[in-house]
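**Q** Pasting a structure below so you can have a look.
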Amino acid sequence: MARNKYPEITENRILETSMKLFVSKGYENTTIQDITNELGDLSKGAIYHHFKSKEEILDAVSKKMTSQGIGDLKGVAQDNSLEGIEKLRKILFLSISSTKQAIIEKRIPSFQNNPQLLASYMRDTLGVASDILSDIIKEGMEDGTIPTTQPHELAQMILLHFNIWVNPLINPCTVDEAKRIASFIAETLGKLGIPVFSDEILQEINVLYSLLQDENSY
């Protein structure tokens, strides 16, 4: 068999195809044969050459899904022109905007009937992302903009709020329900002295849910 000169291209094709099938059929209902059939020009052996198992493919798909968000996090973390609270606001805004763009481009990964994909995605999100966010919060503690003594727990709380409660791909709800949830989270964090939710962020959340509602109306 000829050596593959561009293994990263093949691996990316496998991951893109696998993600599409995991989302449409569910992880449990997707087989390696399904992935092979969808690709068309690769054998099972070729897939196993790049990934040892379906579980390893799921792990790689999850990491691919979170890689852009992690890149955005790192970019904001390295912006020395911003104070800690400003970095938090920018990260939340970018996260919402990224989901909004996915809806516009119809790249919507539904997690509701895909618990394995959700669990893997949340594991990766609460791993590296939590560490980066904790470091940003510590900066805010030092510059006086984020009054907390538990940066790690605050980082995880924010991630859980935005990756589950205010994430329409996981917790679908109406625009009015989304407004109430966002308002409650904003009020709770405000009482802790952490005014993360700017008017711009709240407006972006409203736009996000309006887009998804329009998408589901067709």
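**Q** Can you name the residue in region 84-98 that is open to solvent by less than 60 Å² (accessible area, probe 1.4 Å) and touching a Ser or Thr at 6+ places or on another chain (Cβ under 7 Å) and, of all such residues, is farthest from residue 203 (Cα to Cα)?
**A** Taking the candidates together, the pick is 84.
**Q** Those residues that are within 17 Å of residue 161 (Cβ to Cβ), open to solvent by 10 Å² or more (accessible area, probe 1.4 Å), hydrophobic (A, V, I, L, M, F, W, C) and outside any loop (DSSP other than H, G, I, E, B), I need them from region 195-212; list them, please. Spell out the reasoning first.
**A** Step one: filter region 195-212 for residues within 17 Å of residue 161 (Cβ to Cβ), giving 195-198, 201-202, 204-206, 208-209.
Pick out the ones that are also open to solvent by 10 Å² or more (accessible area, probe 1.4 Å) and you get 195, 197-198, 202, 204, 206.
After this cut, where a residue has to be hydrophobic (A, V, I, L, M, F, W, C) as well, the list is 197, 202.
Passing the criteria: only 202.
**Q** Can you tell me which residue is farthest from residue 204 (Cα to Cα) among those in region 171-194 that are β-branched (Val, Ile, Thr) and open to solvent by 30 Å² or more (accessible area, probe 1.4 Å)? Walk me through how you get there before you give the answer.
**A** Filtering region 171-194 down to residues β-branched (Val, Ile, Thr) leaves 174-175, 181, 185, 188, 194.
Still in the list and also open to solvent by 30 Å² or more (accessible area, probe 1.4 Å): 174, 188.
Numbers: 174: 15, 188: 19 Å.
Top of the filtered list is 188.
**Q** Inside region 3-46, can you point out the residues that are modelled with pLDDT under 90, under 13 Å from residue 57 (Cα atoms) and open to solvent by less than 30 Å² (accessible area, probe 1.4 Å)?
**A** 21, 22, 27
**Q** Continuing with this model, one more query. Let me spell it out: the conditions are (1) aliphatic (A, V, I, L, M); (2) within 22 Å of residue 74 (Cα to Cα); (3) without any contact (Cβ under 8 Å) to a residue 40 or more places away in the chain; (4) open to solvent by 20 Å² or more (accessible area, probe 1.4 Å), and residue 128 meets all of them except one. Which number is the exception?
**A** The single condition residue 128 does not satisfy is (3).
**Q** Let me ask another. Where the second residue is open to solvent by 60 Å² or more (accessible area, probe 1.4 Å) and polar (S, T, N, Q) and the first is within 16 Å of residue 55 (Cβ to Cβ) and lies in region 24-38, which pairs have Cβ atoms under 7 Å and are six or more apart or on separate chains?
**A** 26/113
The values are calculated or read from the model by the stated rules, or taken from the named source; none is laboratory data. Here the structure is a predicted model, which is why all the values come from computation and not from measurement. Cβ: placed from backbone, ideal geometry, glycine included. Neighbour counts: every protein chain shown. The area values use the complete protein model at the heavy-atom level, side chains included, leaving out ligands, DNA and RNA. Shrake-Rupley method; radii C 1.70, N 1.55, O 1.52, S 1.80 Å.
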